[in-house]
Each structure stands twice: as structure tokens, then as C-alpha cells.
Amino acid sequence: LAIKELERAGFVEIIPRHGTYVADFAAKGNYDTLYEILRTGGRHLTRERIVSLVETRNAIEGGALIRLASSHTEDDIRVLEEHVERFRASRGKGLSDVRLGEMTKDFHYLICKLSGNEVFILIMNSFAEISRGLWRHCAGHWGLEGLIEQSERIVELVRSGRGLDAQVYITDKFNEFVRDCGIVF
């Protein structure tokens, strides 16, 4: 049963009358494979896999930004601006990178929620545990003022209906992070 479970998750391939072989799970995996990687966290994370996961997360958030920018309401913008104001109100309070990382995650997840695509937020939620450390490192890298500047820029782009520019912006910011400090845990 355990071998069948590994096969279902894409980690092994069973060939009748030949044997059981380690599968190329990146090529033949499925949702269950991704789920196991996300569930087990650090045990299976290489630098390349982390970059791949964040690129996937960015693609999802990028889609949400495009959708939100084209169909946002004034209430959506108000909710985003309230979140940016929480960042501003944190000035001088000495918040930890962990707390700033959580606030940053909440802002980006809010974008997915406001986009109206419920699958976007479900997928983002599946990345929540595994990306906690990355959010913390990003917060440490950019600091509170950098996070405020980025959030303001994203809201400005959404408000002006420039979702594709917002998607490029978040992708560029992640690439900058990888280039400047790498991903080291």
C-alpha cells in the first residue's frame, strides 16, 4: 500500500513484471506530488525548488493583480490602502522581521482574495506554511520602508488599471531579492 501511495504521489513508477522505479516526479508528478512537497516543507526544498515555487506563487498573484486591476471597486482599493496604512502605522514600533513578513504575506494574499478568483487564494493558502521563512527574509531584506514603498506602488498600479505592470513589478522585486541576497535558509 505504501508503494502504491508513492506511485499515486508521483514519486515511483510501477511497471508490471519489471519492477518499481524512482520516478521523475518533476515531469510525471501531479497535485499529490506538489502537496507532499508543500506538506513536508524543508526536507525536499532545494534553492531551485524554492525559486520555482515562488515563481508559481508570483504567476498566481500576477493573475490576481491583472484581474483585480481590471475589475476593482472603490471598496477594494480602500481595503488595500488600509493594509498599507497598517505598514505606515508600524513605523517606530520595532516590529520583527517575522511580524513584517506576516503583514507582507497578508497584503499579497489579500490581492488574491480581492481578485474574486477563489482558486487563486486556495493555491496561495497552500503555499502559506512553506513560504513563511521567505516572507521573513524578504521583510528583513527590504525593511519596513521598502515594504511600504512596494505596497503603495502595487495599490497605485491596481487603482490605475495597470495589472500587467503590477505583475511585472512583483516579479522584478522577487528577482531583485534573489540577485541581491540569494535564497539562503
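A few remarks follow.
- Scope the stretch 65-117; condition small (Gly, Ala, Ser), in contact with a helix residue (DSSP H, G or I) (Cβ under 9 Å, 6 or more places away or on another chain) and in a helix (DSSP H, G or I); matching residues: Ala69, Ser70, Gly101
- Reported count of residues in the stretch 144-160, each being open to solvent by 20 Å² or more (accessible area, probe 1.4 Å), assigned to a helix (DSSP H, G or I) and either over 17 Å from Asp106 (Cβ atoms) or among the basic types (Lys, Arg) (or both), is 5.
- Flag if Thr40 is open to solvent by less than 60 Å² (accessible area, probe 1.4 Å) and modelled with pLDDT under 95: yes
- Filtering the stretch 1-10 to residues that are open to solvent by less than 90 Å² (accessible area, probe 1.4 Å) and either charged (D, E, K, R) or part of a strand (DSSP E or B) (or both) leaves Glu5, Glu7.
- Of residues in the stretch 27-37 being of a type in the set (Ser, Thr, Tyr) and in contact with a helix residue (DSSP H, G or I) (Cβ under 8 Å, 6 or more places away or on another chain), the one most open to solvent (accessible area, probe 1.4 Å): Tyr35
- Exclusive hit being in a helix (DSSP H, G or I) and either more than 22 Å from the chain's Cα centre (by Cα) or surrounded by 11 or more Cβ atoms within 10 Å (Cβ to Cβ) (or both), set Glu13, Glu55: Glu55
- Looking only at the stretch 83-94, residues that are open to solvent by less than 80 Å² (accessible area, probe 1.4 Å), under 24 Å from the mean Cα position of the chain (by Cα) and without any contact (Cβ under 8 Å) to a residue 40 or more places away in the chain come to 0 in all.
- Sole residue being of a type outside the set (A, V, I, L, M) and under 23 Å from Arg47 (Cβ atoms), chosen from Gly94, Gly143, Gly133: Gly133
The values are calculated or read from the model by the stated rules, or taken from the named source; none is laboratory data. All figures in this text were calculated on a predicted structure; none of them were measured in a lab. For neighbour counting, all protein chains shown are included, and Cβ atoms are generated from backbone atoms with ideal geometry for every residue, glycine included. The area values use the complete protein model at the heavy-atom level, side chains included, leaving out ligands, DNA and RNA. Shrake-Rupley method; radii C 1.70, N 1.55, O 1.52, S 1.80 Å.
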